[in-house]
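**Q** Structure in structure tokens, see below.
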Amino acid sequence: MGCNTMKKLKLFFIFNICFLSIYAVNCEKITISALGDIMMHKEIQESAMHQTGNYDQVFSDVKDFLLNDDLTIANLETPVADEIRILGAPKYNAKTALIKSMKDAGIDFVSTANNHAFDQWAFGVRKTIEALEKNGIGYNGSGENKRVSESFTIVNVKSFSIGIMALTFSLNGLRPTREDYYSPYINYFPPYDEAALNEVCEKIRLIKNKVDVVIILYHGGAEYQSEPSAIQTRWLKSFAESGADVVLGTHSHVLQKVDFYKDAKENKNKLIAYSLGNFVPGLQSRYRYVKNPLEDIDNPFIKTSEGAILKFDIVRWNGKVEIVNPRYVPLFTLVYYKTLGPEKWLTYFQLMPIEKILQLPDFDEERFKDLKPAKNIAFLRKEKMQKLLGIPEEKISFDVIKK
């Protein structure tokens, strides 16, 4: 990001802070957290559920940050069905206990439109929807039929109405046909289909005047690439130009840039996160396999180990609604092992804010053993993430007040 761009962003942030201070007495505000892919490889499920039967351990070090906001949105990259055993790649399945653990961790809304959403066919789509509705987690991107899956979900948070649509560029070849109107469906749009792009943009324009804020959740792009592809960029910008206030991308499994700018046509702030990367990476936390990580700090195996909580505020003052104050909490997933017996062990994946990792002791005999190498990696990646995302890092305290 160039110096002029950074200077403009800094001035924009200062303007927003000053403007909000002036109008604070008339200002309403909510805070939203956006998360990347929740991956459920078999190994992370086995360790999380060992002895507990739930997935609480997965979210134990980040839940306080999510419980402290007004709405948390994530990408659920697995079906859930108790009738099917737990499965990892290439066709995932988790138990419905995952949904309860997500709810208890503060996750309020998920995208169910991604390339693994149809892994367990129509049965998996139905069971996932049932589990989400039972546990009170909102969703968009799937439905009992095509019409429902392609419709906006309107979420009311305090005095704000938010229209959310989720869509995916792929279902790994498992999708039902677009002509099948009567079976469970995923909101699927091929990335090179101009008619499909126009259809989504028209839906955005139609919902625009019915809600305060429009959020699009788009699953697409090239995996493991830190730069968005040309087609991915075109689609996400088209959504914003058609009226979306926030566009959140997933699928690449690594973080990509964030654009925060004033849309001259609407005279409103727009926020595009091209990819939120992994939230729960599971087996994609592969930093241990990099031979010289400090010399190869941009290795994809390291970048898939990290993620971010993207936070932003929606404010209303004098009748105008704006997106302001985008910032992020950098995350990293540590890996350790527990021995259960001769030639038997479990692999644990501990998702943590990097700031918390840096405060841990270098040696932890019970879990991480020698943690210093991982701490050095996390420290360097934290600096890289700042340059990549181009928005402020949230200064966090571990004494978080729960909502």
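Values in this text are rule-based calculations from the coordinates and carry no lab data. Not measured: the values here are computed from a predicted model. Ideal geometry is used to build each Cβ from the backbone, glycine not excepted, and the neighbour counts take in all protein chains shown.
**Q** Step by step: find N for segment 308-379, compute 2.2 N^0.38 Å, then divide the Cα radius of gyration by it. What's the final number?
**A** 1.70
**Q** Same structure, new question: For segment 252-403, what size does the Cα cloud have along each of its three principal axes, sorted from largest down, in whole Å?
**A** 66, 35, 24
**Q** Counting helices only, and only those DSSP H runs with n ≥ 4, report the 222 nm mean residue ellipticity of the chain as the sum of -39,500 (n - 2.57) divided by its residues, in deg cm²/dmol to the nearest 500.
**A** -8500 deg cm²/dmol, from helical runs alone.
**Q** Still on this structure, I have one more. Applying a 10 Å radius around every beta-carbon, put 147-157, 64-74 in order of their mean neighbour count, most first.
**A** Descending packing order for the listed peptides: 64-74, 147-157.
**Q** Calculate, in nm to one decimal, what Lys210 and Asn267 gain on full extension: separation in residues at 0.36 nm each, minus their alpha carbon distance.
**A** 18.7 nm
**Q** A further question follows. Taking 30 Å as R0, compute the FRET efficiency from the Cβ-Cβ separation of Lys338 and Asp104 and round it to 0.05.
**A** My answer for the efficiency is 0.85.
**Q** What ranking, highest mean first, results for peptides 38-46, 196-204, 297-305 when packing means the other Cβ atoms within 10 Å averaged over each residue?
**A** Result, highest mean first: 38-46, 297-305, 196-204.
**Q** Normalising by the residue count of the chain, find the relative contact order in percent from Cα pairs under 8 Å and 6+ residues apart.
**A** Normalised by residue count, the contact order of the chain is 17 percent.
**Q** Taking the Cα centre of the chain as origin, work out the dipole magnitude from +1 charges on Lys and Arg Cβ and -1 charges on Asp and Glu Cβ, in debye rounded to 20.
**A** Its charge dipole is roughly 640 debye.
**Q** Using Cα centres only, tell me the gap between segment 289-325 and segment 337-403 in whole Å.
**A** 15 Å
**Q** Percent of Cα-Cα pairs more than 38 Å apart in segment 32-389, please.
**A** So the portion of pairs separated by more than 38 Å is 14 percent.
**Q** By a straight-distance test (C-alpha under 24 Å), which lysines pair with Lys344 as possible cross-link partners, with residues fewer than eight away in the same chain excluded?
**A** Those lysines meeting the cut-off are Lys42, Lys95, Lys369.
**Q** Ok, one more. Through the Karplus equation 6.51 cos²θ - 1.76 cosθ + 1.60, θ set to phi - 60°, convert the phi angles of segment 307-322 into ³J(HN,Hα) values in whole Hz; use x for Gly and Pro.
**A** x, 7, 8, 8, 10, 8, 10, 10, 10, 10, 9, 6, x, 9, 9, 9
**Q** For segment 324-403, build the charge dipole from Cβ charges (+1 Lys, Arg; -1 Asp, Glu) around the Cα centre, then report which of Val329, Ile391, Leu358 sits farthest towards its positive end.
**A** After comparing all options, I get Ile391.
**Q** So in the chain, what percent of DSSP beta bridges are antiparallel if you round to the nearest 5?
**A** Here the antiparallel bridges make up roughly 60 percent for the chain.
**Q** Here's something else I'd like to know. Counting pairs of Cα atoms in segment 184-338, how many percent are more than 23 Å apart?
**A** Distances greater than 23 Å cover 45 percent of the Cα pairs.
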